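Worksheet for the structure shown next.
The values are calculated or read from the model by the stated rules, or taken from the named source; none is laboratory data. Quick caveat, the model's predicted, so the values are computed rather than measured. Every residue, glycine as well, gets a Cβ built from its backbone with ideal geometry; the counts of neighbours run over all protein chains shown.
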Amino acid sequence: MINMVIDGRQVQAQTGWTVLETARQNGIHIPTLCHHEAVEPSGACRLCVVEIGDETWSKIVISCMYPVAEGLNVKTDSPRVKNVRRWILEMLLAQCPASPEIRALAAEYGVQTTRFVNHDPNEQCILCGLCVRVCKEVVGVSAISTIGRGVHKKIGSPYGVVSDACVACGSCVTVCPTGAMSARLDAIRGVHAGREAGKGGK
Amino acid sequence: MAQITNREIQQAGRLDSAEAFMALRERILAASDPNRTEIIVCHGTGCLANGSVKVAEALQAAVKAADLDIKVTGCHGFCSRGPLVVVRPSGLFYQRVKPADAEDILQSVLEGGQPVERLLYHDPNTDQALPQEKDIPFYSHQMRIVLRNIGKIDPTDIGDTIAHGGYLALAKALYQMSPEQVVAEVERSGLRGRGGAGFPTGRKWKSALAAIKKKGYPAYVVVNGDEGDPGAFMDRTIMEGDPHAVLEGLILGAYALGAHQGFMYVRAEYPVAIKHLNIAMEQARALGLLGQNILGSGFDFDVQINRGAGAFVCGESTALFTSIEGRAGEPKPKYVRSVEEGLWGRPTVLNNVETWANVPQIIEKGGEWYAGLGVPHSTGTKVFSLVGKVNNVGLVEVPMGTPLASIVEDLGGGVPGGAPFKAVQTGGPSGGCLPYDMREVPVDFDSLTRAGSMMGSGGMIVMDKRDCVVDVARYFLRFLEEESCGKCIPCRLGLTRMREILDGFSQGIGSEKDIDDLVSLAAAIQDGALCALGGSAPNPVLTTLQYFKDEYLAHIKDKRCPAGVCKDLISYSIDPDKCTGCMTCARQCPQKAIAGEKKKPHVINQELCIRCGICMESCKFGAVNVA
Ligand SMILES: Cc1cc2nc3c(=O)[nH]c(=O)nc-3n(C[C@H](O)[C@H](O)[C@H](O)COP(=O)(O)O)c2cc1C
Ligand code: SF4
Ligand code: SF4
Ligand code: FES
Ligand code: FES
C-alpha cells in the first residue's frame, strides 16, 4: 500500500497504479478525454493534468500516466491546473463546435464561450486517437489511422485509401468521446463510395 | 600532415594493444615534417557553395612538383569570408579566394615573398591588413577545444587525426582506467549536455550505470546529430570536420557504460557528415579502434548510423528513440528516464554531438583541467553559430560565461554599419530574445535561463533596429507550429492560436487583454504540452513581451510598427529634399506605384503600394523613408 495525498486528503494506492486510477478509486473526479481502460494511455489530450509537489517545488504532470509514489502530494484543482484545463477547453470549443459532449464538458469547468474563431463548424473530432488505438490494440485490425502530421493531422483510413480491413464492430464509435467517429466511419469504410462505385474504390 | 598514406596505415591492420597504437602514432609523427608547407582549402559547406572545390583544383594544378601539400578540411567557421585558404605553418589567412588567385598564392609561398595583399583580411574599423589568422579578432577571441582540429586535419584521414591527438584518450582509458573512473572523470569535468537542456553528463552516465546494474542489461549509447534549429550548424561542422572526435567520445562512453552497440542519429540533410562518419568508422574498424576486442582490450563495441526522419521533433529524445526503432518519430510522455528505459526499453545514454566530442579531451587531459575552463556551473567551452545582422557570420567557440556583447561585438564584429544591436535570440527557435541592455549577461546555462532565455544548442541570431520583435516572435512560432507533431492538444492547437493573436498585432488589431491572454495561454502550453517542443515554444513571445512590451503596444495602440516591418502598419514615402529624380525606384517598383518627372522629386501612390520596400533598397540617395 502506498500512502499519498490528493487535494489534501490522505488516500491509499497500490503499487503500479496511476494518479488517475487512485483518484477515481477515491471518488475524486479528474476530467479525461483520451484515456480509456481498454487501451494503452497516450497522453495526448492533457486534460487530466494535476500538479504535484509542494510550495518550494511543483510541476504539472498527466494523471492518466503518472505513477503513484509514497508521499506524493497531488492537487487536481490548483490555479496552474485550472489554467491548462481552461485553455484546452476553450480551444476545443472553437475546434469542435459541433460536439455536444465537448460543450457540456467545457460548461462543467466554467468555459461557456471561446475567444477563438472556428474554422469548420461541422468538426467534432479532437484527435484524441482513441479510435485508432482501440482498433489496433483491441480489435486488432488497424482499419483507422491518423493521416498527416502536426497541425494538419486528421483521422482517416490508412494512407487515405478506403479501408476494407474494418470488421464493423463499432468499437471506435463506442470509445469516441465526442461523437465524431459515428460521423466519419462510413467514409473510412467506404460505404457510400463503395456502393456507388460498385466496389471499394476511393 | 601524415606523410604515411592512409593505405599504409590501414595495412598496419587491427592494433592489439595500446603500445601498438602508440608505435603507429610515433611512426606517423616521425614521417611527417612539421615545417613542411601545407596550403589548406576549406571544404566546409559554406566555402564549397562559394566554389572552394575549384580553388583546390587550381592550386593542385599549379603546384606541380613543388614541395608542399594541398589539403582540404572542414569548416573554419568564418564562412562569410569564404572560400578560405590558410597556409601552414606560417598561418597566413586568405579570404574570398578564386581559382585565378592560385598562381599568386603559390608564388608568394614558394618564393617566400610578400603575402597576396588583395586576399588578406582587413580590420573593418582601421582598414589595417591582418595577414595572420591568429591576429584576426574572429579567431583571437576564441578558445577552440571541440573545434581544435577542424580546419587543420583532413577529416577523411585517420592518420592525420591520430597525428593531431586522436584516439590517445581511448588508448589511455582502455588500459589505465576502469569504466567507473571514466564516468568519474566526466563527472569531475562538470560537462553539461550541449543539445539543449544542459543536463550534467557525468550524472546522466552515473544513473545509467545504476540502471544497468539494476536491470542487468547492457546499455545503448546514442549520438543526437539531428540538429534542426534553423541557422544552426555546430553539430554539422563537428561531424563533417572531425568525425573521429565524435566517434572516439562515443567509444569512450560505451566503455564507461559497458555498451556494445551504439547509434548515430544524423539529420538526413547532412550527407557529408554521414559520409565522413562512415569513413571514420571504417578506418577505425580497420585499425582495431572499433569492433571486437578494441585495441586488444577485450572490449567489443560497434556503431551504426541512422538517418534522421526529417522532422525537427525527431531530435527530442523519446521521438528519436521511436524513430530508431522504426516507427513514426513522435514523442512519448515519460515519467521513467531514458537512462532506465530508452531504446527498446533498455537503459540508454543519449548525448549531443558536441557533448560526445568533448569527452576525449576530458579523458586525455583530465576532468579537473576541463572544470577550470568556463565558469563554475557551466564549465568548458561552447560552440555558437552567429547569424543575422552581424558582420562576421560564422561558427565560434568561446569559454562558457563569455559576455553576450563580447561574442556579438568582439568576435562577430557587431552590426553592419556600426549601430548597436537591438536584440540577440539565443537558444534557437524556442529560446529567448535578449535586448541590448542585457549585453553583459554571461553566456552560460544558468545566466541565460535567469534572463528568460536559454542556451539551447547554441544558435545566436543578432537583430538590429530594422527587426520587429512581433514579427520575429511570429516567425519562430510559425516554425514550431509547422514542426509540431500534433500529438498533444496544447501544442497542436495552442501554437496556432498564439500565432493568430500575433497575426492580429502585426495588423494593428489587439488590446492589452490580448497580451494578457497570450501570456496566460503561453503558461498553459508550457505546463500542458507533452514534450519540450511545445513546452518551450512560447519562449520567444514571452521574452519579447518581457523586454519589448512598448513595441507590442505601439502595434496595437498606435497602429505603428517602429521597426518598419509589419506591412499593414507601415508606409513608404519619398523625401523631396533628398530625391534627385533619378527614376530608379519608379522603374523597380513592381506595382508602378511611383510617379514623377525626370530630375524632379517622385511620389508614391499609397493606394497602389504593396509595401515591398524595393524602392527603399534601390534608392542610392537614401530618399525613401519607412514609418
Ligand atoms: C523538439 C526538440 C528537438 C531537439 N533536437 C535536438 C537536436 O537536434 N540535437 C540534440 O542534441 N538535442 C536535441 N534535443 C534535446 C534532446 O532531447 C536531448 O535532451 C539531448 O540530445 C541530450 O543530449 P545532451 O545531454 O548531450 O544535450 C531536442 C529536444 C527537443 C524537445
Ligand atoms: S474520431 Fe473520436 S476517438 Fe477518434 S480521434 Fe477523433 S475524437 Fe478521438
Ligand atoms: S508538445 Fe508538440 S511536438 Fe511535443 S508531443 Fe505535443 S504536439 Fe507533439
Ligand atoms: S486523459 Fe490523460 S492525457 Fe488525455
Ligand atoms: S565553410 Fe569555410 S569557413 Fe565555414
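Which one of these is surrounded by 16 or more Cβ atoms within 10 Å (Cβ to Cβ) and within 16 Å of ligand 4 (Cβ to nearest atom): A:103, A:85? Spell out the reasoning first.
Details: A:103 fails: within 16 Å of ligand 4 (Cβ to nearest atom).
Result of the check over A:103, A:85: A:85.
Here is a yes/no grid of residues against (1) away from every other protein chain (no Cβ under 14 Å); (2) more than 16 Å from ligand 2 (Cβ to nearest atom); (3) out of contact with any His (no Cβ under 8 Å at 6 or more places or on another chain):
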site: A:9; (1), (2), (3): yes, yes, yes
site: A:19; (1), (2), (3): no, yes, yes
site: A:42; (1), (2), (3): no, no, yes
site: A:64; (1), (2), (3): no, no, no
site: A:67; (1), (2), (3): no, yes, yes
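Does residue A:4 satisfy being touching a residue at least 40 places away in the same chain (Cβ under 8 Å), surrounded by fewer than 22 Cβ atoms within 10 Å (Cβ to Cβ) and within 10 Å of another protein chain (Cβ to nearest Cβ)? Considered against the rule, which asks whether it is touching a residue at least 40 places away in the same chain (Cβ under 8 Å), surrounded by fewer than 22 Cβ atoms within 10 Å (Cβ to Cβ) and within 10 Å of another protein chain (Cβ to nearest Cβ), residue A:4 comes out as no.
Which pairs turn up if I take residues in segment B:52-66 that are surrounded by 14 or more Cβ atoms within 10 Å (Cβ to Cβ) and look for partners that are of a type in the set (Gly, Ala, Ser) with beta carbon separation below 8 Å, at least 6 apart in sequence or on another chain? From residues that are surrounded by 14 or more Cβ atoms within 10 Å (Cβ to Cβ), the pairs are B:52/B:82; B:55/B:102; B:58/B:100; B:58/B:102; B:59/B:102; B:62/B:102.
Can you name the residue in segment B:22-56 that is assigned to a strand (DSSP E or B) and within 25 Å of the chain's Cα centre (by Cα) and is also farthest from residue B:81 (Cα to Cα) among such residues?
Step one: filter segment B:22-56 for residues assigned to a strand (DSSP E or B), giving B:37-42.
Filter again for within 25 Å of the chain's Cα centre (by Cα), leaving B:40-42.
On the way: B:40: 15, B:41: 13, B:42: 11 Å.
In this case the residue turns out to be B:40.
Filtered by the rule that a residue be surrounded by 24 or more Cβ atoms within 10 Å (Cβ to Cβ) and either under 24 Å from residue B:311 (Cβ atoms) or more than 16 Å from ligand 3 (Cβ to nearest atom) (or both), segment B:503-523 gives a lone residue, B:505. Just one residue in the set A:148, A:110, A:140 is on the phi > 0 side of the Ramachandran plot, within 12 Å of chain B (Cβ to nearest Cβ) and not charged (D, E, K, R); that residue is A:148.
Taking the stated definitions as given, is residue B:144 closer than 23 Å to residue B:265 by Cβ, basic (Lys, Arg), touching a residue at least 12 places away in the same chain (Cβ under 8 Å) and not in a helix (DSSP H, G or I)?
Details: closer than 23 Å to residue B:265 by Cβ: no; basic (Lys, Arg): yes; touching a residue at least 12 places away in the same chain (Cβ under 8 Å): yes; not in a helix (DSSP H, G or I): yes.
Answer is no for this residue.
Screening residue B:121 with (1) loosely packed, with under 13 Cβ neighbours inside 10 Å; (2) within 25 Å of the chain's Cα centre (by Cα) gives one miss only, at (1). For segment B:365-381, the criterion of being under 25 Å from residue B:217 (Cβ atoms) and touching a Lys or Arg at 6+ places or on another chain (Cβ under 7 Å) is met by none of the residues. The residues of segment B:343-384 that are among the small types (Gly, Ala, Ser) and modelled with pLDDT of 95 or more, listed by number, are B:357, B:366, B:367, B:371, B:372, B:374, B:378, B:380. Going by what's in this entry, would residue B:459 be described as assigned by TED's automatic domain parsing to the domain that holds residue B:389, surrounded by 24 or more Cβ atoms within 10 Å (Cβ to Cβ) and closer than 19 Å to residue B:549 by Cα? Taking the combined requirement at face value, the residue does not satisfy it.
The condition (being under 17 Å from the mean Cα position of the chain (by Cα), modelled with pLDDT under 90, more than 13 Å from every other protein chain (Cβ to nearest Cβ) and closer than 30 Å to residue B:481 by Cα) is satisfied by just one residue among A:99, A:182, A:157: A:182. The number of residues in segment B:236-258 that are crowded, with 24+ Cβ neighbours inside 10 Å and part of a loop (DSSP other than H, G, I, E, B) comes to 1. Scan segment B:113-137 for residues that are acidic (Asp, Glu) and in a loop (DSSP other than H, G, I, E, B) and report the count. Looking only at that region, the number is 2. Evaluation of residue B:419 against the conditions (1) farther than 30 Å from residue B:330 by Cα; (2) modelled with pLDDT of 95 or more; (3) of a type outside the set (Ser, Thr, Tyr) shows that the sole unmet condition is (2). Being facing chain B (nearest Cβ under 10 Å) and of a type in the set (A, V, I, L, M) is the filter here; which residues of segment A:70-88 pass it? Within segment A:70-88, A:81, A:84, A:88 qualify.
Please pick out the residue among B:524, B:563, B:532 that is in contact with a Lys or Arg (Cβ under 9 Å, 6 or more places away or on another chain), within 14 Å of chain A (Cβ to nearest Cβ) and touching a residue at least 24 places away in the same chain (Cβ under 8 Å).
Working: B:563 fails: within 14 Å of chain A (Cβ to nearest Cβ); B:532 fails: in contact with a Lys or Arg (Cβ under 9 Å, 6 or more places away or on another chain).
Result of the check over B:524, B:563, B:532: B:524.
Restricting attention to segment B:524-563, the residues that are crowded, with 23+ Cβ neighbours inside 10 Å, assigned to a helix (DSSP H, G or I) and within 16 Å of ligand 1 (Cβ to nearest atom) total 7.
Checking the stated criteria, residue B:286 turns out not to satisfy the condition of being within 14 Å of chain A (Cβ to nearest Cβ) and either in contact with a Gly (Cβ under 6 Å, 6 or more places away or on another chain) or away from ligand 1 (no atom under 11 Å from the Cβ) (or both).
Name the residue, out of B:229, B:235, B:242, that is within 16 Å of ligand 3 (Cβ to nearest atom) and away from chain A (no Cβ under 14 Å). One residue alone meets the criteria, B:229.
Screening residue B:473 against (1) outside any loop (DSSP other than H, G, I, E, B); (2) touching a strand residue (DSSP E or B) at 6+ places or on another chain (Cβ under 7 Å); (3) in contact (Cβ under 8 Å) with a residue 60 or more places away in the chain leaves a single unmet condition, (2). For segment B:449-465, check the following and say yes or no: at least one residue is touching a strand residue (DSSP E or B) at 6+ places or on another chain (Cβ under 6 Å), part of a strand (DSSP E or B) and under 30 Å from residue B:184 (Cβ atoms). There is no residue in segment B:449-465 that is touching a strand residue (DSSP E or B) at 6+ places or on another chain (Cβ under 6 Å), part of a strand (DSSP E or B) and under 30 Å from residue B:184 (Cβ atoms).
Here are the criteria: (1) closer than 17 Å to residue B:493 by Cβ; (2) away from ligand 3 (no atom under 16 Å from the Cβ); (3) hydrophobic (A, V, I, L, M, F, W, C). Tell me which single one residue A:11 does not satisfy. With respect to (1) closer than 17 Å to residue B:493 by Cβ; (2) away from ligand 3 (no atom under 16 Å from the Cβ); (3) hydrophobic (A, V, I, L, M, F, W, C), residue A:11 is out only on (1).
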